[in-house]
Amino acid sequence: MRPQRFKTRITELFGIDHPIVAGGLMWLADANYVAAVVNAGGMGYITAKTFPGPGEFEAELDKARQLTGGKPFGVNLYMSVHTEHNKDLPAQLEIALDRGVRHFETAGLPPVDFVETIKNAGGVVFHKVATVKHAVSAASKLPIDAIAVVGAECGGHPGLNLVGSIVQAPLAVQRIDKPVLIGGGIGTGAQVAAVLAMGAEAALIGTRFLVASEIWSHDAIKQRVLDAKETDTTLVLASMRNTFRGIDNETTRAIAELEKQGVTDFETYRPYVTGKIQKEAYAEGNPEKGILSMGQSCVFADRIEPVEAIMDRLIDEASAAAGRMGGITVGAAAAAAE
């Protein structure tokens, strides 16, 4: 693992060496992956919704604790607009707290029902949104510790406005007093250095880690990511006000055709979008099946390798980028930097 080279409010708050946070990946963010991120110097989050069965979630938390040697790791709590999908979350939060978890990533609806419980237990929580407007609202109304803003380039849910990270990063920092994490399109260390230079405290990364050895998905899925260009993702479900960016495949093209036809009945879309189909695709190695999250930073994935190797490359690249800025600074600015 690379030694610490950057110190920010997030590295201090989370107790990590590197300003890189691996957000929850539905079906994929398990103990093996999250522990690998933590052991490489970042912070990772097990997706609670990935383990709905009796005893599954507890076992995964215990495994992560063992694999990290007791180092802190996190849990992702996603609040769906479909309230029936949130029925297990209160119990899972209680389980996580009982198991000693104190780091949480929340996403979807604002975690109004959860954040006080987390804070009263001494926990650290950041909330993830897709617009600066929602970030300002959450930061002002909720006792969260930090806020993550993801740009239009991200895999999964980039929101409806589709503003890129290079605009949202400095805007969020200008308007929010709390530590800001920036995600969406980040797949190189130079980009990590860039968001730090713009005032953010950490980079939130998902797609770049899809090809990590510790990710359990079939190698055929990882190969699809490796082969992808930045233009090989697509946006669907905007008509449902639930925009999703994923692999451009048979499933997303079928969804796009329904949207083109003006179909508004969600039941027509359900066979394409249910989570069970995504999980089957990851297991079977069928990249044409289901809506599979992938952001435009897929273009930076170039090999299957351990999380630690990816993290080391990111930190080395970020250090080089920071050094380059010092090397091209001249005159009064150079003197001020010294």
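Between MET26 and ASN120, the modelled labels are 3.0 nm apart [label points 7 Å from Cα along Cα→Cβ].
Relative contact order of the chain, please, whole-number percent, based on alpha carbon pairs below 8 angstrom and at least 6 residues apart.
16 percent
For the pair ILE328 and HIS82, the difference between a 0.36 nm per residue extended length and the Cα-Cα distance amounts to 83.4 nm.
Amide H to amide H, with H built 1.01 Å from N, VAL75 comes under 5 Å of ILE46, HIS103, PHE104, GLU105, counting only residues 5 or more places away or on other chains.
Quick check: from the Cα gyration tensor, does the range 219-284 come out rounded (a/c under 1.5), prolate or oblate?
oblate
Cα centroid distance between the range 134-164 and the range 171-202, in Å? Comparing the Cα centres of the range 134-164 and the range 171-202, I get a distance of 12 Å. What are the aspartates and glutamates whose alpha-carbon lies under 19 Å from the alpha-carbon of LYS119, with same-chain residues fewer than 8 places away excluded? Candidates past the 8-residue exclusion: GLU12, GLU94, ASP98, GLU105, ASP145, ASP177.
Which FRET efficiency, nearest 0.05, do VAL167 and ALA59 yield, Cβ-Cβ r, R0 30 Å? Mind dumping the intermediate values first?
Working: r = 42 Å, r/R0 = 1.41.
So the FRET efficiency works out to roughly 0.10.
Determine the shape class of the chain: with a ≥ b ≥ c the square roots of the Cα gyration tensor eigenvalues, call it rounded for a/c under 1.5, and otherwise prolate if a/b is greater than b/c, oblate otherwise. Since a/c stays below 1.5, the shape of the chain is classed as rounded.
Karplus-derived 3J(HN,Hα) values for the range 295-300, using 6.51 cos²θ - 1.76 cosθ + 1.60 with θ = phi - 60°, are x, 5, 6, 3, 4, 8 Hz; glycine and proline are entered as x. Karplus-based coupling profile of the range 68-78, in residue order and whole Hz: 8, x, x, 5, x, 9, x, 10, 8, 10, 9, with θ = phi - 60° in 6.51 cos²θ - 1.76 cosθ + 1.60 and x standing for Gly or Pro. Our coupling estimate for the range 272-278, obtained by passing each phi through the Karplus curve with A = 6.51, B = -1.76, C = 1.60 and θ = phi - 60°, is 8, 10, 5, x, 4, 5, 4 Hz, Gly and Pro reported as x. By its C-alpha gyration tensor, with a ≥ b ≥ c as the square roots of the eigenvalues, how is the range 9-205 shaped: rounded for a/c under 1.5, else prolate for a/b larger than b/c, else oblate? The shape class here is prolate. Remark: for residue pairs LYS87/LYS128; LYS128/LYS178; LYS71/LYS276; LYS49/LYS128, the C-alpha separation exceeds 23 Å in LYS71/LYS276.
At R0 = 22 Å, how high is the FRET efficiency between ALA254 and GLU280 if r is their beta carbon distance? Nearest 0.05 is fine. Show your work: numbers first, answer last.
Values: r = 16 Å, r/R0 = 0.74.
Approximately 0.85, to the nearest 0.05.
Values in this text are rule-based calculations from the coordinates and carry no lab data. Keep in mind the model is a prediction, meaning the values are calculated, not measured. Cβ atoms come from the backbone with ideal geometry, glycine included; neighbour counts cover every protein chain shown.
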